[in-house]
Amino acid sequence: MKKITLFISVLLFLFTAIASAHGPVRQKSEEEITINAPAEKVWAIIKDFGDMSWHPGIKSVTVKGDNKKGAIRVLTLKNGGTITEELKKYDDKKMSYAYKITEMSTAKTITHAGAEEKVPVLPVDNYAAGIELEPKGNSTVVSWKAAYYRAYMNNNPPAEMNEEAANTAVTAILKAGLTNLKALAEK
């Protein structure tokens, strides 16, 4: 009986240790909008990887390369931060492209669990996204998908870098961009 009790105790301990030791979980965000304009008109607004003037949160963009895999753009945000992105895929015929964040500036520094932590301008890590257009007669469905981890990769993240902060920030960026794209394309 003692062996069974000991065995069950060890199993419970291991289960508890494994359950509480998991790190961040890959998050996904997808926003979609229907724009009352032909796909060619919408694509003309967003097809240049080096032009993000259609997004209201972007102040300026510098780019190295054109619409080919490996092109790098540096977004300067209206709130002052920067995000560097690399073009991973580009398909003019399918009206789509995919990119990955490679670097971000720090929005602020906080103290968490006795250590100084840099909070990036977008509270995510390992962020990859893609945008694609689907023609629907005289209208267009635009889908913007992103996958990422929270910014704090250890357990017990601070509020500024947890899943909720990451999801809220990414959703806001996608929605603001698509809403403004709709307004521009429907003019």
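Odds and ends about this structure:
- Within region 112-124, residues that are surrounded by fewer than 21 Cβ atoms within 10 Å (Cβ to Cβ) sit with their Cβ atoms under 6 Å from residues that are outside any strand (DSSP E or B) and of a type in the set (S, T, N, Q), at 6+ positions apart or across chains, in these pairs: VAL121/SER105.
- Enumeration of residues in region 78-104 that are aliphatic (A, V, I, L, M) and buried (at least 19 other Cβ atoms within 10 Å of the Cβ): ILE83, LEU87, MET95, ILE101, MET104
Residues are listed down the side, and each one gets a yes or a no for (1) among the polar types (S, T, N, Q); (2) outside any helix (DSSP H, G or I); (3) under 24 Å from the mean Cα position of the chain (by Cα); (4) modelled with pLDDT under 80:
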| residue | (1), (2), (3), (4) |
| --- | --- |
| LEU14 | no, no, no, yes |
| ALA19 | no, no, no, yes |
| LYS28 | no, yes, yes, no |
| GLU32 | no, yes, yes, no |
| ILE45 | no, no, yes, no |
| MET52 | no, yes, yes, no |
| PRO56 | no, yes, yes, no |
| SER60 | yes, yes, yes, no |
| GLY70 | no, yes, yes, no |
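- Taken residue by residue, region 50-72 has at least one member that is closer than 20 Å to ALA166 by Cβ, touching a strand residue (DSSP E or B) at 6+ places or on another chain (Cβ under 8 Å), of a type outside the set (A, V, I, L, M) and surrounded by fewer than 19 Cβ atoms within 10 Å (Cβ to Cβ).
- Qualifying strands (runs of 3 or more DSSP E) (wholly inside region 78-187; at least 1 residues being in contact with a Gly (Cβ under 9 Å, 6 or more places away or on another chain) and more than 24 Å from THR62 (Cα to Cα)): 139-150
- Among residues of region 51-62 that are closer than 11 Å to THR76 by Cα, those with a Cβ under 7 angstrom from a residue that is among the small types (Gly, Ala, Ser), sequence gap 6+ or separate chain, pair up as GLY57/ALA176; VAL61/GLY50.
- For region 130-150, a residue qualifies if it is surrounded by 17 or more Cβ atoms within 10 Å (Cβ to Cβ) and touching a Leu at 6+ places or on another chain (Cβ under 8 Å), and the qualifying residues are THR140, VAL142, TRP144, ALA146.
- Members of region 58-109 found to be among the polar types (S, T, N, Q) and within 14 Å of ILE131 (Cβ to Cβ), listed by number: ASN67, SER96
- For region 139-181, the set of residues classified as touching a residue at least 12 places away in the same chain (Cβ under 8 Å) and β-branched (Val, Ile, Thr) consists of THR140, VAL141, VAL142, VAL170, THR171, ILE173, THR179, listed by residue number.
The values are calculated or read from the model by the stated rules, or taken from the named source; none is laboratory data. Fair warning: this is a prediction, and the values are worked out from it, not measured in the lab. Quick reminder, even Gly has a Cβ in these numbers, built from the backbone with ideal geometry, and neighbours come from all protein chains shown.
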